[in-house]
Every structure is written in structure tokens, then in C-alpha cells.
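Below is one structure, written out as C-alpha cells; the observations come after it.
The values are calculated or read from the model by the stated rules, or taken from the named source; none is laboratory data. Computed from a prediction, not measured in an experiment: that's the story for all the values here. Cβ sites come from the backbone with ideal geometry, for glycine too, and all protein chains shown count toward neighbours. Keep in mind that these areas ignore ligands, DNA and RNA; they rest on the heavy atoms of the full protein, side chains included. Shrake-Rupley method; radii C 1.70, N 1.55, O 1.52, S 1.80 Å.
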Amino acid sequence: MELKEFEESVQTATVVGAAYGIHRTTLTQAAKAGTLGNGVYRSGDAWLIKTDHPDFLEWLRGHEYQPRVKGYRRKMASQEDVASNEPVAVQLSMEEPAVMIPPEPIMAREVQEMNALIEEQPEAEEQETPIYPARQRVRRLIVYVDVQRGEGVTEAGEHFTFAEQALLSVVLAQIPFLREAGQVRVWLCGELPTDASGSYEGWVLERALRQWYTTGKRGHYLSDERPEETVARYSRRSTDQEIEIRHVYSWFGTEGTAGEAREAIQLLTRYLQLVFGDDASAYATPALTFQSLWTRLNRIQKKEFAPLPLPLREQIRSTSGQGRIELCTLSGLKTLPSLYYYDGIFMYSALAWGLPTEIAYHDTRNEYAGKVAARYRIRYTVPTSWSHLGLFMTPREQVTGNPRDRHTWAFPGAEYVGKTYETWVDGSELDVLSSAYLTIDQGFAAWSVEILERIVFKPEKESAQKKPLDGIIEKLATLREKVERDALEAQERTHVFQLVRGGIRNIVLHGIGTFNRSTRNVTYIMGMDEPAPADYTSRREIDEDTVWYSVPTATEGYSQQFDHPEWAAQVWARCRARMIKAALTLPRESIIAIRTDAIAMTQEQPVWNANTKRGTLRLKWAIQQSVNAPHTYEALDLLQRQQATNA
């Protein structure tokens, strides 16, 4: 029997079966029966076959004259009559999916349960297993590494170790098959590793690496504000090898080991494939994953959403904030009788319905447009009789008078009665006045609201394209609920299912945020004798041998379809409106903090405890004893950690 060549020796049963014309079921049954010996092992719900292992090759020889997939021998005979072509080299981009695992059954559950998740389609006729000609591919390696623990695992399941807290160069030296790989992604797991000075950036940009590597083609992305988002990219000087190093933080935070992160990414991919098709996968970030799924659905549904005019997009982007994050502890409060923390149930998924797609008018009329999507530039005055939290997100610079605060936000309330401010708000935020007063007109009068400018969108029924996010959000929300149900039947893998559940939440959270994303710079660290990157905007010599270049990332045509800051702005505003409406039902002195879709308070809300619907608040944790009142975010975080430890 002619042995097939694979780009990697370890392959799934589906890939091996397609190459040899053996039905996947035959291979999996042999694996379960143990007849493949040590030539197979289980990874999550998938069987992985070591195609060069003697046990598998022995079984394969014995299987040579067994029945094959229908049409296989005819295909092979016809292929022998065709002159062979030169092998095709295929370059794999690092922005391809994080894993490419064919779908396997997630649980021992009837397929009918998934019908509610997948659009009904006519039953397809049974097809012959496709036989693909062998292609020479650039090998791609994915590894998961926990530097604090000194352990790692490859995508294929091969474990390796190194010294705890090791330098990046030491970690790379221990990765199996690193030198043979053309494309490498290193997922960092657990706590962020640091260099001797305590810098994560210093660790990923280790100076010693520069003798073997230069900056990768796409540059490093460095973030001082959010170091966990830093991405280091290297090109090996002697080869075409590209290495990308990023943390799994955007997917799972710092929870989980390298093995758990690997299993969670694989399991998440199989869930996505069940709903969005076999080509769906978990990409490098939740945002990229959302973009891929959304564009896939738009192609199927023949939908296309044109961006707003550039000046309007830039105006919305520069005048809209995200979630309300506010420490509300009264200044004179020393202790709390108790502390209850209520968190929104998959909040953003409940707020992304019916987003607008077309502008009706943009003018300066001092007129509230009613219950339609709109943005308003308003001038308002906090009433002298007001004794609660503020209603409107306002540039902090107006409150403090400090120009350094112009990029942050405040919510002027009882402490600023009689003061007048100017800001942009969403129609949903103005509608909060109808909850605080008998009518919205009374609210407008009490707060002296004057509309200076407005951007009003067309109602859904008048728009050519509508519901831009409804479909994908509903699919992801339903899928998350399935993960929760499946977790009940897999108690031994509870933490992995929790990571998958959190990953789906982050797809929605980061996916919505990506519509407001602006361009950013990448960094190239080059030797003095190396050519400078094109289009750099700044150059800095950091020592006698090294230069740092800053290069703005270009906005490609593909990315322009995601330039819809009006969608992100409205979801964020709807969340702020929902949270302040909830807060206004509570005594002012009982509110300790609002954090995007969560609220901390001193009084239990029994009615909220029973909530299960998406977009509602439910109790997440509680400290039912006296504690010191937190007057900083750090103090509040400490109370939360102490509660988690005690629990």
C-alpha cells in the first residue's frame, strides 16, 4: 500500500480516512477497540492518529483489502493515469483559525437537539468521501505555554517542560519541532510572565532574541495601558519562519493551565462548527472570530451594510464612551453592613437588537425625535433638587477643569447640582428621564435639557437593510446556553466548559467593540544596519545597535466593512441606560459601584436573585457581614478576592 504524506504526522481520523479512502467511523471504531495500539490517542472528543507509528502502519497493512469508501479505488485508478503535477506550496497566514479540528460529537446526545441552533436545510444526499491530492504545505505549529508553571503543550498534545519563570528564549528552545515549523503561534496562559524589572513587554521583547530574530512582517503591537493585549511577532533571520506570541487573555483571562486553554480552544471550535459550519473556528482573538462569523452569515443571507459618511463615523467615535465605571461609595461611609454584587446575564447580547443602518437626518433642531435610534448633543443642568447618581456620561474635563481628563468620563450627579455641562448622549439615555419623572417632558424641564445637534436614524421598517447583528448574536447566545447544559453532563471538565462559555461571551463583547476600533500603530525593532520599515512615522534609537520604528497600520478594504461605530456606541449606551435605571430604584447611599453591567450595593434585592433572562441582573457574590467601605477600585477588588477565597 502506498503510504500518504501529511504536513504533520499527527492527524485527525477524518483527514487520515480521506487520504486512504477509509471511512472515519472505521478508524474511530478501531481506535476505541484498541486495535490501533499506541498509534492513536484521544484529544477532547477527537481521535488523533500518529500516521508514522508502527502500530498504525501494521493495522493499515492488515486493512488494505478491507472495504473502502465508495468510489475510492475508481478515483485512485483514474489518478494514476493523470500525469503528476509539481507540488503546490501553500503559505498559511497567522490570522488563520487557531485550530483546524473537524467537527466531532460534543456529547452523546441526539443530533436533533441542534436543530434549534442551525437553520433548517434540505437533507443532503450521501456523498463519497472526497480524495484530495497531496500538497506540500508550510508547517504551522501552535503551542500553549504557562511560564509560571514551567510547562507547555503543543496543539497535537505533546507536553514539554522548562524552568519556571524562564526567559522567552529558553521557552522557545524547548518547544518541540520549532525549527521545522514555518508559522508558529505561542499562546501564553496563566499570569503574565515578566523580566527582571517586572515588565511583560520586556519579557516578550527579550534582547537576547535579536541575534536570531528580527521583527516580524506585521510588526509588534505594544500596549502600555493593556499589556495583556501585547503581541510580539518575530521573523527568524536564517529562514522564513514567523513566530507570533500572544496571551490567551482576550479569550480566557489568566484562568486555566496551558492544557485547559488548549482543550477549551478545541472544544470552542467544535461548538462554533456545529452552528456556523465546518469552516468556523476560534481565531487569534474573539474579535477576529466574530468578524469571520459575521461576514460568513452576511454572505449567506446576502446582506451588506454600507458605512456612514466618514465625518459622521469620526464624530461618533470621538464622542461616545463605553460602559459606565463609577465608584459610588459616599465619602463619609466607614463600614458597610454587607456587600452584594449583581452582574448582568450576558448583557450585551440582550442589547444588540435592531441596530440602525441608515441616517434619516442630521440637523440642529431642538426637538426630541422620540423612540427611534438617535444621538443628541445636549446642554443640561443638574437640578438643585437632585439627590442621586448622575444620568449622562460627560467628558471629565468639564467637571474637573483639567485638560488631561478630556479622554475620560464622569457622571455629574448630586455633588454637582446647579452645574451645567455639554455632552453627546444616545436616545436611550435621554429616555431614562421618563423613568425618573412622570413624563419625559417633565424630565427635560427638570434637567434643562437643550438639544444642540442631533443625528437621527431611519426606523427599521424604512431601511433597505436591517437587523445587522440580530442573527449572529442570537446564534451565539443560544450556543452559550447549550454549553451551560452540556457542562452539567461533564462534571469532570467543568472548568474547561466555563472557559468555553466565557469565550463565547468574549466573542460578543469584543465583536461589538471591534465596530468602533480605530487605527493603531505597530512597532518594528531593527538593527542599525537593517532597512527601515516603509511608512514609519517616528524613529527612536534606543542604543548604539538598535532602532525602534512606529508604523500606523493600514485600513484594508476588508476591514472597512466593520467600521460602524454607531452600532457599538448604541449598545454601550443602552447598557448605561439600563444600569442607571436599575440604580435609580435603589437608595443612593446603598450604591457602592457600577461596573459596566454590574452593580455593587449594601442591600440584597431578592427579586433580582431569581433572574435568569439575558440582560437582567442576578446575584453573583455576597459578603453577608460588616466590611470596611471601599473608597478605591483596588479596595473593592480586594473584597471580591477575599470573598472568592472564603467561598
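Yes/no matrix, rows are residues, columns are (1) under 20 Å from residue 483 (Cα atoms); (2) hydroxyl-bearing (Ser, Thr, Tyr):
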site: 228; (1), (2): no, no
site: 269; (1), (2): yes, yes
site: 286; (1), (2): yes, no
site: 309; (1), (2): no, no
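To keep it simple, each residue is scored yes or no on (1) open to solvent by 30 Å² or more (accessible area, probe 1.4 Å); (2) outside any helix (DSSP H, G or I); (3) within 21 Å of residue 141 (Cβ to Cβ); (4) at pLDDT 70 or above.
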| position | (1), (2), (3), (4) |
| --- | --- |
| 1 | yes, yes, no, no |
| 7 | yes, yes, yes, no |
| 17 | no, no, no, yes |
| 22 | no, yes, no, yes |
| 30 | no, no, no, yes |
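Mind checking which residues of the range 421-438 are open to solvent by 20 Å² or more (accessible area, probe 1.4 Å) and touching a helix residue (DSSP H, G or I) at 6+ places or on another chain (Cβ under 9 Å)?
Answer for the range 421-438, where residues must be open to solvent by 20 Å² or more (accessible area, probe 1.4 Å) and touching a helix residue (DSSP H, G or I) at 6+ places or on another chain (Cβ under 9 Å): 422, 424, 428, 431, 434, 435, 436, 437.
Counting residues that are within 27 Å of residue 533 (Cβ to Cβ) and touching a strand residue (DSSP E or B) at 6+ places or on another chain (Cβ under 6 Å), which strands (runs of 3 or more DSSP E) fully inside the range 144-239 reach at least 1?
Per the criteria, 183-188, 213-215, 232-236.
Could you tell me which numbered condition residue 509 fails, if it satisfies all but one of (1) farther than 19 Å from residue 350 by Cα; (2) open to solvent by 30 Å² or more (accessible area, probe 1.4 Å)?
(1)
Yes/no matrix, rows are residues, columns are (1) touching a helix residue (DSSP H, G or I) at 6+ places or on another chain (Cβ under 8 Å); (2) in the same structural domain as residue 508 (by the TED database); (3) aromatic (Phe, Trp, Tyr); (4) open to solvent by 60 Å² or more (accessible area, probe 1.4 Å):
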| position | (1), (2), (3), (4) |
| --- | --- |
| 308 | yes, no, no, no |
| 313 | yes, no, no, no |
| 331 | no, no, no, yes |
| 343 | no, no, no, no |
| 349 | yes, no, no, no |
| 369 | yes, no, no, no |
| 381 | no, no, no, no |
| 386 | yes, no, yes, no |
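Which condition breaks for residue 475 when tested against (1) outside any loop (DSSP other than H, G, I, E, B); (2) at pLDDT below 95; (3) within 30 Å of residue 263 (Cα to Cα)?
In the conditions (1) outside any loop (DSSP other than H, G, I, E, B); (2) at pLDDT below 95; (3) within 30 Å of residue 263 (Cα to Cα), residue 475 misses (2) alone.
Could you pull out the residue among 283, 271 that is under 27 Å from residue 233 (Cβ atoms) and either of a type in the set (Ser, Thr, Tyr) or without any contact (Cβ under 8 Å) to a residue 40 or more places away in the chain (or both)?
Result of the check over 283, 271: 283.
Would you pick out the residues in the range 452-471 that are more than 30 Å from residue 380 (Cβ to Cβ), assigned to a helix (DSSP H, G or I) and touching a Gly at 6+ places or on another chain (Cβ under 8 Å)?
470
Hey, could you check the range 541-579 for residues that are in a helix (DSSP H, G or I) and small (Gly, Ala, Ser) and say which is modelled with the lowest pLDDT?
Of the range 541-579, the ones in a helix (DSSP H, G or I) are 557-560, 565-579.
Filter once more, so that each one left must be small (Gly, Ala, Ser): 557, 559, 568-569, 573, 577.
Values: 557: 64, 559: 80, 568: 97, 569: 97, 573: 98, 577: 98.
So, considering only residues that are in a helix (DSSP H, G or I) and small (Gly, Ala, Ser), the one modelled with the lowest pLDDT is 557.
Report yes if residue 503 is touching a residue at least 60 places away in the same chain (Cβ under 8 Å), open to solvent by 30 Å² or more (accessible area, probe 1.4 Å) and within 25 Å of the chain's Cα centre (by Cα), otherwise no.
Here the answer is no, as residue 503 does not meet what is asked.
Look through 198, 216 and report the one residue that is of a type outside the set (Ser, Thr, Tyr), closer than 26 Å to residue 156 by Cα, out of contact with any Cys (no Cβ under 7 Å at 6 or more places or on another chain) and at pLDDT below 95.
When all the criteria are applied, what remains is 216.
Residue 297 fails exactly one of the following numbered conditions: (1) crowded, with 22+ Cβ neighbours inside 10 Å; (2) touching a Gly at 6+ places or on another chain (Cβ under 6 Å). What is the number of that condition?
(1) is the only condition that residue 297 fails.
Residues of the range 439-479 being in contact (Cβ under 8 Å) with a residue 60 or more places away in the chain, over 37 Å from the mean Cα position of the chain (by Cα) and open to solvent by 70 Å² or more (accessible area, probe 1.4 Å), which ones?
450
Between residues in the range 615-643 that are open to solvent by less than 80 Å² (accessible area, probe 1.4 Å) and residues that are modelled with pLDDT of 95 or more and among the acidic types (Asp, Glu), which pairs lie under 9 Å by C-beta distance while being six or more apart or on different chains?
Hits for this filter: 615/597; 617/343; 617/597; 619/343; 619/604; 621/343; 622/604.
Quick one: count up the residues across the range 210-249 that are of a type in the set (S, T, N, Q) and either open to solvent by 20 Å² or more (accessible area, probe 1.4 Å) or under 20 Å from the mean Cα position of the chain (by Cα) (or both).
6
Consider residue 287 carefully, then state whether it is crowded, with 16+ Cβ neighbours inside 10 Å, outside any loop (DSSP other than H, G, I, E, B) and touching a Cys at 6+ places or on another chain (Cβ under 8 Å).
When the stated conditions are applied, residue 287 does not pass them.
So how many residues does the range 196-209 have that are under 25 Å from the mean Cα position of the chain (by Cα) and either open to solvent by less than 20 Å² (accessible area, probe 1.4 Å) or assigned by the TED database to the domain that holds residue 511 (or both)?
4
Are any residues in the range 250-274 open to solvent by 20 Å² or more (accessible area, probe 1.4 Å) and small (Gly, Ala, Ser), and if so, which ones?
Across the range 250-274, the qualifying residues are 250, 259.
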